[in-house]
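These notes concern the structure reproduced below.
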Amino acid sequence: MDLVLKRAFDIVSSLSALLVLAPFLLVVALLIKLDSPGPVLFKQTRWGKNCKTIKVYKFRSMRTDLCDVSGVAQTVKNDPRVTRIGAILRRTNVDELPQLLNVLLGHMSVVGPRCHAIGMRAGGVLYEELVPEYHQRHAMRPGMTGLAQMRGLRGPTDRPAKARARIAGNFYYV
C-alpha cells in the first residue's frame, strides 16, 4: 500500500510541477539555446530500479563539443565544459527539473536514492568496488533527491570517503 501511495504522490506532484513550471521551463530552454549550440536536454544512461538502465533527462549545462557523454568525468571548479547558463542552472539545481518527466513516466521517484551514471568512480575506484552492497540501493526507484542530499552530502565525489558516505545515506530507504 505504501508503494501505491508513493507512486500516486509521484504522479500528482510531478504532473503538477510540470504544469506550473511549464512557462519557466520554456524560458530556461530558450536561454540554453541562446547561450550555446546543441540540444536543450541532455540524456544519460543511469542505474534504475532493479539495476535496469534508464535514460535520465536534465537541462544541458555543458558545451556539446567538450562534454563527457558517459557522465563519469566529474565537473571541477571553473570547469571549461560548463556554459554560462549551465553554471547558474547547476548552482540552483534547475538543471534537474526535466527529471520530473522521468518521475511522471515511472522511471524515477521524487525521493529515493539518487541515480548514478553507470561506471561512476570516486578516486578512480568504481562505486561497486567501494561499497560491495552498492547495488542493493537499486531495489527501489531512484529519486530526484535523496536522504544523502538532504543531509548535505552533495557535490563532487572525488574521494572514496565522500562517495561511501553518500551511498550509505541512501541505504536507509532499502
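The values are calculated or read from the model by the stated rules, or taken from the named source; none is laboratory data. Because the structure is a prediction, the values reported are computed rather than measured. Note that each Cβ is placed from the backbone with ideal geometry, even for glycine, and that neighbours are counted across all protein chains shown.
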Subset of the stretch 105-129 (residues that are of a type in the set (A, V, I, L, M, F, W, C), over 15 Å from Thr53 (Cβ atoms), modelled with pLDDT of 85 or more and buried (at least 17 other Cβ atoms within 10 Å of the Cβ)): Val110, Val111
Long-range neighbours under 6 Å by Cβ, at least six apart or interchain, first residue modelled with pLDDT of 95 or more within the stretch 39-54, second among the small types (Gly, Ala, Ser): Val40/Ala29; Ile54/Gly48
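For the stretch 115-141: of the residues being small (Gly, Ala, Ser) and touching an Asp or Glu at 6+ places or on another chain (Cβ under 7 Å), which is farthest from Arg46 (Cα to Cα)? Break it down into steps so the answer makes sense when it comes.
Going residue by residue through the stretch 115-141, those that are small (Gly, Ala, Ser) are 117, 119, 122-124, 139.
Subset that is touching an Asp or Glu at 6+ places or on another chain (Cβ under 7 Å): 122-123.
Details: Ala122: 16, Gly123: 20 Å.
My answer is Gly123.
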Single residue of the stretch 1-33 satisfying the filter (surrounded by 14 or more Cβ atoms within 10 Å (Cβ to Cβ) and among the polar types (S, T, N, Q)) that is farthest from the chain's Cα centre (by Cα): Ser13
Count of residues meeting criterion [at pLDDT below 95 and either touching a helix residue (DSSP H, G or I) at 6+ places or on another chain (Cβ under 7 Å) or at positive phi (or both)] in the stretch 87-104: 1
